[in-house]
Number of protein chains: 2
Amino acid sequence: MQDILKDLFIKNEKKIVLLVMDGVGGLPREKGGKTELETAKTPNFDALAAEGECGLHLPIGFGITPGSAPGHLALFGYPPTDYPIGRGVVAALGIGFPIQPGDVAARVNFATRDEEGRITDRRAGRIPTEKCAELCQVLSAVSIPGVELFIQPVKDYRAVVVFRGEGLSDHVEDTDPQATGVRPHDPKASSPKGEKTAQIAGQFIAQSLELLEGRHPANALLMRGFAELPHIPSMQERFGLDPVALAVYPDYKGVSRLVGMDAVEDLQDLDGQAAALRENWDRYTYFFVHHKYTDSKGEDGDFEAKVGEIEKVDRFVPSILELKPDVLLITGDHSTPAVMRAHSAHPVPFLLHAENLRPDAAGEFGERSCARGLWGVIPGVALLPLALSAAEKLAKFGA
Amino acid sequence: MQDILKDLFIKNEKKIVLLVMDGVGGLPREKGGKTELETAKTPNFDALAAEGECGLHLPIGFGITPGSAPGHLALFGYPPTDYPIGRGVVAALGIGFPIQPGDVAARVNFATRDEEGRITDRRAGRIPTEKCAELCQVLSAVSIPGVELFIQPVKDYRAVVVFRGEGLSDHVEDTDPQATGVRPHDPKASSPKGEKTAQIAGQFIAQSLELLEGRHPANALLMRGFAELPHIPSMQERFGLDPVALAVYPDYKGVSRLVGMDAVEDLQDLDGQAAALRENWDRYTYFFVHHKYTDSKGEDGDFEAKVGEIEKVDRFVPSILELKPDVLLITGDHSTPAVMRAHSAHPVPFLLHAENLRPDAAGEFGERSCARGLWGVIPGVALLPLALSAAEKLAKFGA
């Protein structure tokens with residue numbers, strides 16, 4: 001379906017705003033109760049829902065719990081199963097590392113080995129992030145001819161390494177043996193294409209082990225999830241949009257850049273995002289505004305705090321409306337019910353607000369209300385075409 | 001979408017029960033009236049529907065009336081159009097014949113020919129099943145070197161033949177000319193792979209004609225639908241489930257075995273199925289319980305009797321609930337409205353009951369109520385992923 005869009009797009013100056021409350025979909029705390037979104041007092045959302053078209057979307061598919069990156073790809077109009085994003089890339093994007101096409105990223109675990117080189121702890125006693133940062137500093141002394149190398153801390157014992165150079169490939173197998181009492185695997189090419197990179201990873205490990213000598217418990221490292229940036233056509237190319245991301249968290253700037261968005265730096269909160277929206281209003285046609293804390297509070301299991309975050313975003317809505325967007329789409333990238341403390345596969349409520357929409361039975365913004373909306377349960381990738389159409393950015397198909 | 005599931009499944013001990021009322025979907029007897037399911041008094045179903053998520057499913061696709069085998073494949077999570085099951089195999093499974101990979105099965109019609117060998121009646125005057133069984137007995141004298149041969153009655157003038165041996169193939173065309181006044185076709189290979197089998201079928205026909213000499217009206221036979229077992233990956237392999245079928249009718253044990261299920265033998269009725277469910281509870285993670293008579297009564301055009309069968313199954317529900325399944329899915333493999341006396345293409349009501357489900361507007365189990373449920377009308381193959389997800393058997397997709 002997405003394939004026909006690229007022959008139909010019309011460039012115009014109409015503005016689309018996608019407002020994402022991360023993990024907004026929820027569940028009632030008790031049987032017969034309300035979800036987080038149904039509980040929240042959201043007069044702005046409700047007014048928009050009453051005027052707009054509502055429904056629920058499935059970011060990936062029936063029963064599939066979305067990770068954040070594929071959940072967002074779906075919202076941006078890209079079928080996530082067509083663009084798998086490897087762990088190394090996710091880790092690099094997650095810390096805001098400006099990964100480039102041709103780079104190969106891999107996850108690194110600091111680990112503990114015995115005198116024979118056998119792994120005794122795959123997580124080096126779960127060293128804190130500060131220690132991890134210090135060790136990354138140490139490893140920045142690794143030098144491999146013809147390759148630029150970046151190693152940066154992620155969290156606790158986890159880091160990410162990025163190799164940059166000619167002829168690299170992610171066709172390299174994990175070195176993590178996924179067990180203790182054995183030596184790590186040597187990095188091995190999974191196809192001839194990966195041989196150069198496997199060799200480079202081998203040199204990186206050998207030099208690292210020397211540098212880590214005596215730094216027990218973090219005297220070894222394991223590599224996993226070698227990955228390159230997937231080739232994703234940009235939103236400019238694919239849909240004729242000039243897109244910009246207004247996100248506080250690096251992960252979401254990362255995934256936005258994957259599809260060719262600019263990303264505004266140094267945003268701290270919704271106020272900053274409102275100011276950035278105003279400042280950038282004339283320069284773009286597609287604005288992705290991301291709020292992280294609905295998901296964070298869901299993962300904390302804090303129902304009330306998630307309700308509070310939703311209410312905060314509701315109060316942010318007037319700063320969008322005063323700019324008079326042609327199309328406003330409000331939704332989430334997945335559900336994170338506080339009662340589950342995790343992402344879930346439940347469909348995600350959405351509301352689409354624009355001129356010339358069908359009135360429907362959804363009078364407020366909530367899971368049950370959206371289930372009564374026009375669209376029922378639809379694929380997440382359908383939302384971008386709906387928004388493009390509402391912004392008159394799609395030509396007629398056929399005569 | 002199904003393709004990503006096999007990379008996501010998580011083996012755990014949670015139990016899924018699929019309760020199928022064959023052909024449960026129905027239609028009102030009179031305008032403005034209720035369907036069979038809406039008429040039936042089903043306090044257990046209704047309580048589950050009120051707590052669970054409801055909707056309607058399309059086993060094959062819009063407007064397509066499902067046969068029983070593809071209807072069940074969809075419920076088991078296999079897109080039925082990816083796994084066509086040939087008529088010969090359906091016939092063999094239908095009579096509970098233990099067909100094996102490499103076997104070739106074909107449908108046989110007993111027919112009448114004149115002295116020149118031209119078909120005068122393609123159904124041999126619709127001889128009764130007993131006569132058919134007698135003729136199959138006669139034909140069991142056919143002997144072909146290197147081939148095991150099974151011929152068994154199906155119903156009326158219809159039988160099934162199974163060839164077992166090395167190098168057989170279903171690339172053989174029908175011999176049935178679909179007309180009278182002409183001679184049957186010789187069995188002809190549709191590709192070089194089918195030549196050996198075509199020759200064997202030719203010998204089978206030649207010997208059969210001698211044995212049927214003088215047995216007017218059944219003095220000829222026509223062969224149709226040469227078919228092999230399709231290769232279907234098992235539910236163990238595909239979804240990490242340990243599945244068992246609790247079905248009274250051989251057809252449903254047959255289709256279950258196609259996807260790697262064990263099938264409990266010698267079940268006579270719902271009481272026996274309840275006992276078998278209890279006895280096998282600790283040994284499996286997926287239980288398929290099948291009730292045939294909702295469909296049979298629908299095909300009989302007996303609205304009241306179908307209502308009665310639905311009520312019987314409702315009374316069976318407590319024997320499932322006392323085992324505390326983690327996920328209970330109640331639905332049918334297709335609709336068989338009594339007013340139509342046949343399978344129909346109408347979507348089939350379903351209810352999903354588990355922890356952590358979205359409340360929806362379906363307060364009872366019926367066609368109209370399910371249409372107000374969370375899911376609307378979804379593909380039948382979506383039900384297995386929804387059940388897997390509700391049983392926490394699917395990992396997150398992407399990071």
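Please treat every number below as a calculation from the coordinates, not as lab data. All values reported here derive from a predicted model rather than from experimental measurement. A quick note on method: Cβ atoms are made from the backbone with ideal geometry, for glycine too, and the neighbour counts reach across all protein chains shown.
Label points for B:Glu134 are taken 7 Å from Cα along Cα→Cβ. From this copy to the others they lie 9.6 nm apart, shortest first.
Summarising the strand pairing of the protein assembly as shown, around 60 percent of its internal DSSP beta bridges are antiparallel.
If a/c stays under 1.5 just call it rounded; otherwise compare a/b with b/c (prolate if a/b is bigger, oblate if not). Do that for the stretch A:1-89, with a ≥ b ≥ c from the square roots of the Cα gyration tensor eigenvalues. Note, shape of the stretch A:1-89 comes out oblate. Under the convention that each Lys and Arg Cβ holds +1 and each Asp and Glu Cβ holds -1, the size of the dipole of the stretch A:164-319 around its Cα centre is about 360 debye.
Considering only A:Ala198, A:Gly96, A:Leu357, and ranking their Cα positions along the charge dipole of chain A that arises from unit charges at the beta-carbon of Lys, Arg, Asp and Glu, the one farthest toward the positive end is A:Ala198. Placing unit charges on each Cβ (+1 for Lys and Arg, -1 for Asp and Glu) gives the stretch A:1-50 a dipole about its Cα centre, and among A:Pro28, A:Thr39, A:Leu8 the Cα reaching farthest toward its positive end belongs to A:Thr39. Using a simple spin-label model with pseudo-atoms 7 Å out from Cα toward Cβ, A:Ala342 and A:Asp282 lie 5.0 nm apart. Placing unit charges on the Cβ atoms only, positive for Lys and Arg and negative for Asp and Glu, gives chain B a dipole magnitude near 520 debye about its Cα centre. Return, ordered by residue number, the residues of the stretch B:267-303 whose backbone nitrogen is under 16 Å from a label point located 7 Å along Cα→Cβ of B:Lys11. Backbone N within reach: B:283-286.
Summarised in one figure, the compactness ratio Rg/Rh of the protein assembly as shown, Cα atoms and Kirkwood Rh, is 1.04. Which of rounded, prolate or oblate describes the stretch B:241-399 when judged by the alpha-carbon gyration tensor and an a/c cut-off of 1.5? It comes out oblate by the Cα gyration axes.
Using alpha-carbon positions, what is the distance between the centroids of the stretch B:79-157 and the stretch B:1-47, in Å? Here the answer is 34 Å between Cα centres.
Of the GluC sites (Glu not before Pro) found in the stretch A:47-155, those that fall in a DSSP loop while having at most 14 other beta-carbon atoms within 10 Å are A:Glu115, A:Glu116.
Ranked from shortest, the separations from the 7 Å Cα-to-Cβ label point of B:Asp82 to its equivalents in the other copies are 1.8 nm. Computed over the stretch B:83-125, the Cα gyration tensor eigenvalues convert (square root of 5λ each) into semi-axes of 29, 10, 9 Å, ordered from largest to smallest.
Relative to the longest principal axis of the Cα atoms of chain A, helix A:195-212 runs at roughly 70 degrees.
Charges were assigned to the Cβ only: +1 to each Lys and Arg, -1 to each Asp and Glu. The resulting dipole of the stretch A:304-382 about its Cα centre is roughly 180 debye. For the rotational copy relationship between A and B, the axis lies nearest to a chain A beta carbon, identified with its distance in whole angstrom as A:Gly376, 2. Mind running the shape call on the stretch A:113-184? Use the C-alpha gyration tensor, a ≥ b ≥ c as the square roots of the eigenvalues: rounded below 1.5 for a/c, prolate if a/b tops b/c, oblate otherwise. Oblate, since a/c reaches 1.5 and b/c is not below a/b. The chymotrypsin sites (Phe, Trp or Tyr not before Pro) found in the stretch A:310-399 that occupy coil by DSSP, while having at most 15 further C-beta atoms within 10 Å, are A:Phe397. Under 17 Å of direct C-alpha separation, and excluding same-chain neighbours fewer than eight residues apart, A:Lys188 reaches these aspartates and glutamates: A:Asp170, A:Glu173, A:Asp174, A:Asp176, A:Glu228. Applied to the stretch B:279-285, the Karplus parametrisation 6.51 cos²θ - 1.76 cosθ + 1.60 on θ = phi - 60° returns per-residue 3J(HN,Hα) values of 5, 9, 4, 7, 9, 9, 10 Hz, with x for Gly and Pro. In a DSSP loop and with at most 15 other Cβ atoms within 10 Å, the GluC sites (Glu not before Pro) in the stretch B:218-287 are B:Glu265.
Tilt of helix A:129-139 relative to the longest C-alpha principal axis of chain A, in degrees (0 to 90, nearest 10)? Tilt relative to chain A: about 50 degrees.
Between copies, the label points at A:Pro318 (set 7 angstrom from Cα along Cα-to-Cβ) are spaced 5.8 nm, reported in nanometres from shortest to longest.
With both residues required to sit in chain B, DSSP beta bridges show an antiparallel share near 60%.
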